[in-house]
Amino acid sequence: MKLAILGGGGFRVPLVYEAVATAATGLTVDEVALYDVDSARLRTITAVIEGVGAQLTADGRATTLPRLTATTDLREAVTGADFVFSAIRVGGAEARTVDERVALGLGLLGQETIGPGGLAYALRTIPVALEAARVIADVAPGAWVINFTNPAGIVTEAMRTVLGDKVVGICDTPIGLVRRVGRLLGVDLVAGERGADGRGADGTVASFEYVGLNHLGWLRSVTIDGEDRLPGLLADDAALEEIEEARLIGKDWVRADGALPNEYLFYYLHTAAAIDRITGAATTRGEFLAKQQGDFYLAAAESSEPASCCTSPLDLWRETLREREATYMAESRDEERREEDIAGGGYQEVALRLMTALATGRSERMILDVGNAPTGSEAPPEQRIVPELPADAVLEVLCVVDGEGVHPQPVAPVGLGRLGMMSTLRAAERKILEAAMTGSREAAWQGFSMHPLVSSPELGRRLLEGYVAGHPEIAALLGES
């Protein structure tokens, strides 16, 4: 079995390699092919992965390692692939700093996926993602594509126009939330052995309902042996103190709302506080990562030299990873991130479980970004996951995955407030998708203007002007280079 990783020089790629190399789930990956446009970063990450492999064999966690290849040729990387992970970052961390600063300069939220920065990220990314989808359709038509690329919802929606239901978006934040809740209730809600019916090895039958868009979703019920345990948890201050999302957003609010939100709701519910904290810091998150990872790649390249006496690329990578995870969403916290929250998720785990279920047929229940109805169907509203939203909209919901594919589970009716947030955000993103596919400046302007954290044609125009000036990719797309 061949796994291709697009964005193979990315910082978190060794986590994926380690996960597939140590999989004790019946999944065997024979080859991992890394693709990236940056050959220097490919060499560095290859060195890190080689260190990972040596450690895995030395401590007995792996006996046979997947063959590792690296290339700057997309077609070569994906030819014959069974699975393709898309984790591209057009423009790198440096482009993210532009996304943040243009918005902050106008008094708006500057963040990677939330707000106008997320739209700029999508605008320069979607054309690249679509080209990757076309190549995959040509040389690996049977491959499943697992999209990590942010903003995951709209990028997945774009790739589905080429690949249909064979592309699925994933995110590690929902699984972190579900795991924290399960830990409090004494039930592993995401255990690998918990089958399609929700029955675990301990005999309990457990399920949960999560609905929304990527980075805009809610855990609305947790049912164990027929009883919804979420209301009791929401009523318990001590329990909520153990849930990172409740601490971020406010225990009183989640209790009043009757649901536990994805942590990214912080940016919608406490926008002014988020802006104040970001602008009050010495650097934005993008600037921090650009320097941190830039320093890592430089130091790792030096430590790979034969005469080097420095720390190994693997050790440098692990040190940098620890700092990165500990400072994640730092602007939303008044305290250091807790150890159990740092270890609470992991997109490599989500990807591994998804791959295993599709390849082996072992059923899994997991939260994924999927179509509101199957691609190409004329499903009437009553046959959609959320009847009020378009059939081809990508939602983030609980799914059962097996050898036959990905099967979204029904959800209870979604209230007007949540529907309003979801539809307004997706309307803005879809205008950006239109601009990315047609080069329409007017559609891009509308997309920035319509975003719920902008809601202003004047600000939308100034955002567009700033991103055209700051991103060569966007300027070229809109014919202004």
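The values are calculated or read from the model by the stated rules, or taken from the named source; none is laboratory data. In this text the structure is predicted, and so the values were computed from the model without any measurement. We place every Cβ from the backbone using ideal geometry, glycine too, and count neighbours over all the protein chains shown. The accessibility values were calculated without ligands, DNA or RNA, using every heavy atom of the protein model including side chains. Shrake-Rupley method; radii C 1.70, N 1.55, O 1.52, S 1.80 Å.
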Residue pairs qualifying under the 9 Å Cβ cut-off, at least six apart or on distinct chains, with the first in the range 1-24 being in a loop (DSSP other than H, G, I, E, B) and open to solvent by less than 20 Å² (accessible area, probe 1.4 Å) and the second being modelled with pLDDT of 95 or more and aromatic (Phe, Trp, Tyr), are Gly7/Tyr35; Gly7/Phe85; Gly8/Tyr35; Gly8/Phe85; Gly9/Tyr35
Please work out which residue is farthest from Ile154 (Cα to Cα), limiting yourself to the range 213-231 and to residues that are modelled with pLDDT of 95 or more and in a loop (DSSP other than H, G, I, E, B). Arg229
Show me the strands (runs of 3 or more DSSP E) found entirely inside the range 25-110 where at least 1 residues are open to solvent by 30 Å² or more (accessible area, probe 1.4 Å) and of a type in the set (Gly, Ala, Ser). 67-71
State the number of residues belonging to the range 454-481 that are more than 19 Å from Thr97 (Cβ to Cβ) and either polar (S, T, N, Q) or modelled with pLDDT of 95 or more (or both). 12
When the range 410-429 is checked residue by residue, the ones that are in contact (Cβ under 8 Å) with a residue 24 or more places away in the chain and either small (Gly, Ala, Ser) or touching a strand residue (DSSP E or B) at 6+ places or on another chain (Cβ under 8 Å) (or both) are Val411, Ala412, Val414, Arg418, Met421, Met422, Ser423, Leu425, Arg426, Ala428
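Condition check ((1) closer than 19 Å to Val187 by Cβ; (2) touching a strand residue (DSSP E or B) at 6+ places or on another chain (Cβ under 9 Å); (3) not in a helix (DSSP H, G or I)) across all residues:
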{"position": "Leu233", "(1), (2), (3)": "yes, yes, no"}
{"position": "Ala238", "(1), (2), (3)": "yes, no, no"}
{"position": "Arg247", "(1), (2), (3)": "no, no, no"}
{"position": "Asp252", "(1), (2), (3)": "no, no, no"}
{"position": "Tyr264", "(1), (2), (3)": "no, yes, no"}
{"position": "Tyr268", "(1), (2), (3)": "no, yes, no"}
{"position": "Ala273", "(1), (2), (3)": "no, no, no"}
{"position": "Arg277", "(1), (2), (3)": "no, no, no"}
Exactly one of Leu358, Leu368, Leu395 is modelled with pLDDT of 90 or more, open to solvent by less than 30 Å² (accessible area, probe 1.4 Å), under 22 Å from the mean Cα position of the chain (by Cα) and within 21 Å of Val181 (Cα to Cα), and that residue is Leu368
Quick one: is Val401 more than 29 Å from Pro116 (Cα to Cα) and either in a helix (DSSP H, G or I) or open to solvent by 20 Å² or more (accessible area, probe 1.4 Å) (or both)? no
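Okay, residues lined up against (1) within 22 Å of Ala393 (Cα to Cα); (2) modelled with pLDDT under 95; (3) not hydroxyl-bearing (Ser, Thr, Tyr):
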{"position": "Ile146", "(1), (2), (3)": "yes, no, yes"}
{"position": "Glu157", "(1), (2), (3)": "yes, no, yes"}
{"position": "Pro174", "(1), (2), (3)": "yes, yes, yes"}
{"position": "Arg179", "(1), (2), (3)": "no, yes, yes"}
Are any residues in the range 212-236 among the small types (Gly, Ala, Ser), surrounded by 22 or more Cβ atoms within 10 Å (Cβ to Cβ) and at positive phi, and if so, which ones? Gly212
Contact list, first residue from the range 276-301 and more than 23 Å from Gly105 (Cβ to Cβ), second anywhere and part of a loop (DSSP other than H, G, I, E, B) and open to solvent by less than 70 Å² (accessible area, probe 1.4 Å), beta-carbon distance below 6 Å, six or more apart or interchain, is Gln293/Phe11
Please work out which one of (1) of a type outside the set (Gly, Ala, Ser); (2) closer than 19 Å to Leu42 by Cα; (3) exposed (fewer than 14 other Cβ atoms within 10 Å of the Cβ); (4) modelled with pLDDT of 90 or more is the condition Asp276 fails and give its number. (2)
Residues Ile243, Ile249: which one is buried (at least 22 other Cβ atoms within 10 Å of the Cβ) and either free of Cβ contacts under 8 Å to residues at least 24 places away in the same chain or acidic (Asp, Glu) (or both)? Ile249
Would the range 434-441 turn up any residue that is in a helix (DSSP H, G or I), open to solvent by 20 Å² or more (accessible area, probe 1.4 Å) and among the charged types (D, E, K, R)? yes
